[in-house]
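Undergrad: I have a structure I would like to understand better, so I am pasting it below and will then ask my questions one at a time.
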Amino acid sequence: MDQQTKVQVLKDLIRINTANDHEKQAAVYLQRLFKDYGISSQLVEYAPDRDSLVAELDSGQEGPVLVLAGHLDTVALGDRDRWEHDPLSADEVNGKIYGRGSVDMKSGLAAMAITLIELKEAGLPQKGKLRFLGTVGEELGAMGSEQLTDQGFVEDATAMIVGEPTGGNIVYANNGSIGYTIKSFGKSVHSSMPQTGVNAVENLAQFLVAEKHAFDDAPSSPVLGKPVHSVNVFQGGSQLNIIPDYAEAQGNIRPVPECDNEACIGRIQQTVDKLNQQPGFNLELEVRFSFRPVANDPEGEFVQLVKEAHQQAFGNAPAMNVIHGASDASNYIKAVHCPMLLLGAGDWSLAHQVNEHVAVDNYLKVNATYENVAKQYLA
């Protein structure tokens, strides 16, 4: 596939509005593209107009299974008046392509799809399988990757690259993410007689004080550090002269392998249980989502292969980074423990921003990196 066509594929994807919905339109576009090159694929429906896409090259020979995974959705377009170029324009200016998802992560998605096409044209792979996953809903709950995980699309994977924007560098470890709600139930009375009621706001405030110390002795990861935690939403009360009978708070935890999701949730539950031993307290914990941390050995064999593939494409060694956000890999790791790296095109700092854009050169070099990885890993 020539460079102009590669750029056009990315522009076509950007011009499809998949802001938190309608991913089927992008999935169908890629399915038709794959079909043009003789690659079979299947849509996996999550909800009406929300389909993930799975495609595969099978050598017919025993061997490793390399998965290239991305997401079809983007965040909301934002205020179009603040964009220098319309977020669905895919305008190309001075070697940069503008638009929502140009960085996060239609550039990675396009580069992965093109990798399958170019390996197919080269008569590869010689062994094993190369699989493409394009999922719905990563930005708001990662429902697509959860569905594909539950349906067994990753359980045979021996290595995986998730195309989040890293500028072509390697992210070899990332935290998970846990979202939870604490509900506080009290008894409403007139504020002139607070002693006859139970103040749900005051009790919830006691949880906030205790939560600050819930992870003081938590084990630390040599790569990611200690779990990061915070309470970020607090709501309660309806009128200043009524003792509130309900309040709730929402918190977020970024677990690490050494203090994993179960351990982190357990610490919050222990905090709740201890407070509930006091008279008048009635707190409940509700876990809203739970994404797992992913950590790879930076000296591992697959990481070294990817480093070499980057070197060949970029002409220099990649940076080795960690991040504290979660990705679709946080779902995939529930089904299979294999090397899972984040590597994609574009600058992470531009993701979700007005005037999001990706450099064409970076996009093409990331595509070359993927192809180098696939050719070496599946040779």
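The values are calculated or read from the model by the stated rules, or taken from the named source; none is laboratory data. Computed from a predicted structure; not experimentally measured. Cβ placement follows ideal geometry from the backbone for every residue including glycine, while neighbour counts extend to all protein chains displayed. These area figures cover heavy atoms from the full protein model, side chains too; ligands, DNA and RNA do not enter into them. Shrake-Rupley method; radii C 1.70, N 1.55, O 1.52, S 1.80 Å.
Undergrad: Taking Leu130 and the conditions (1) more than 12 Å from Ala69 (Cα to Cα); (2) open to solvent by less than 20 Å² (accessible area, probe 1.4 Å), which numbered condition does it fall short on, given that it satisfies the others?
TA: (1)
Undergrad: In addition: Is it the case that Ala249 is at negative phi, in contact (Cβ under 8 Å) with a residue 24 or more places away in the chain, outside any helix (DSSP H, G or I) and crowded, with 16+ Cβ neighbours inside 10 Å?
TA: yes
Undergrad: Could you say whether any residue in the range 224-238 is open to solvent by 50 Å² or more (accessible area, probe 1.4 Å), touching a Gly at 6+ places or on another chain (Cβ under 8 Å), not in a strand (DSSP E or B) and not β-branched (Val, Ile, Thr)?
TA: No, the range 224-238 contains no residue that is open to solvent by 50 Å² or more (accessible area, probe 1.4 Å), touching a Gly at 6+ places or on another chain (Cβ under 8 Å), not in a strand (DSSP E or B) and not β-branched (Val, Ile, Thr).
Undergrad: Give me the pairs: first residue in the range 173-198 and in contact (Cβ under 8 Å) with a residue 60 or more places away in the chain, second residue among the polar types (S, T, N, Q) and part of a strand (DSSP E or B), beta-carbon distance under 6 Å, and six or more apart or on different chains, which are they?
TA: As it stands, the answer is Ile178/Ser290; Gly179/Asn252; Thr181/Gln250, since those pairs meet every condition given.
Undergrad: With the checklist (1) out of contact with any His (no Cβ under 9 Å at 6 or more places or on another chain); (2) closer than 30 Å to His324 by Cα in hand, flag the one item Glu202 doesn't pass.
TA: Here Glu202 clears every test but (2).
Undergrad: Does Ala313 fit the bill of being of a type in the set (Gly, Ala, Ser) and at pLDDT below 95?
TA: no
Undergrad: Right, something else. Looking only at the range 20-36, count how many residues are in contact with a strand residue (DSSP E or B) (Cβ under 6 Å, 6 or more places away or on another chain) and either farther than 16 Å from Glu121 by Cα or without any contact (Cβ under 8 Å) to a residue 40 or more places away in the chain (or both).
TA: Count: 5.
Undergrad: Of the numbered conditions (1) surrounded by fewer than 16 Cβ atoms within 10 Å (Cβ to Cβ); (2) outside any loop (DSSP other than H, G, I, E, B); (3) at pLDDT 95 or above; (4) within 23 Å of the chain's Cα centre (by Cα), Lys274 fails exactly one; give the number of that condition.
TA: Only one criterion in (1) surrounded by fewer than 16 Cβ atoms within 10 Å (Cβ to Cβ); (2) outside any loop (DSSP other than H, G, I, E, B); (3) at pLDDT 95 or above; (4) within 23 Å of the chain's Cα centre (by Cα) is unmet by Lys274, namely (4).
Undergrad: Still on this model: If you go through the range 99-117 one residue at a time, do you hit one that is surrounded by fewer than 24 Cβ atoms within 10 Å (Cβ to Cβ) and in a loop (DSSP other than H, G, I, E, B)?
TA: No, because not a single residue in the range 99-117 is surrounded by fewer than 24 Cβ atoms within 10 Å (Cβ to Cβ) and in a loop (DSSP other than H, G, I, E, B).
Undergrad: Among the candidates Ala359, Ala351, single out the residue that is touching a Pro at 6+ places or on another chain (Cβ under 6 Å), open to solvent by 10 Å² or more (accessible area, probe 1.4 Å) and within 29 Å of Arg82 (Cβ to Cβ).
TA: Only one candidate qualifies: Ala351.
Undergrad: Right, another one. Can you tell me which residue in the range 156-166 is nearest to the chain's Cα centre (by Cα), limited to those that are in a loop (DSSP other than H, G, I, E, B) and surrounded by 22 or more Cβ atoms within 10 Å (Cβ to Cβ)?
TA: My answer is Glu164.
Undergrad: For the range 281-321: of the residues being under 30 Å from Ala210 (Cα atoms) and of a type in the set (Val, Ile, Thr), which is least open to solvent (accessible area, probe 1.4 Å)?
TA: Out of the qualifying residues, it is Val294.
Undergrad: Checking the conditions here, which among Lys375, Lys334 is in contact with a Leu (Cβ under 7 Å, 6 or more places away or on another chain), of a type outside the set (Val, Ile, Thr) and open to solvent by 60 Å² or more (accessible area, probe 1.4 Å)?
TA: Lys375
Undergrad: I would also like to ask the following. Does any residue of the range 13-25 turn out to be at pLDDT 95 or above, in a helix (DSSP H, G or I), in contact with a helix residue (DSSP H, G or I) (Cβ under 6 Å, 6 or more places away or on another chain) and more than 30 Å from Ala335 (Cα to Cα)?
TA: Within the range 13-25 (the criterion being at pLDDT 95 or above, in a helix (DSSP H, G or I), in contact with a helix residue (DSSP H, G or I) (Cβ under 6 Å, 6 or more places away or on another chain) and more than 30 Å from Ala335 (Cα to Cα)), the answer is yes, since at least one residue qualifies.
Undergrad: A further question on this structure: Being closer than 27 Å to Arg288 by Cβ, polar (S, T, N, Q) and either assigned to a strand (DSSP E or B) or open to solvent by less than 10 Å² (accessible area, probe 1.4 Å) (or both) is the requirement here; does Ser145 meet it?
TA: Here the answer is yes, as Ser145 does meet what is asked.
Undergrad: Would you confirm whether any residue within the range 70-86 is modelled with pLDDT of 95 or more, under 21 Å from Tyr370 (Cβ atoms) and open to solvent by 60 Å² or more (accessible area, probe 1.4 Å)?
TA: No, the conditions are met nowhere in the range 70-86.
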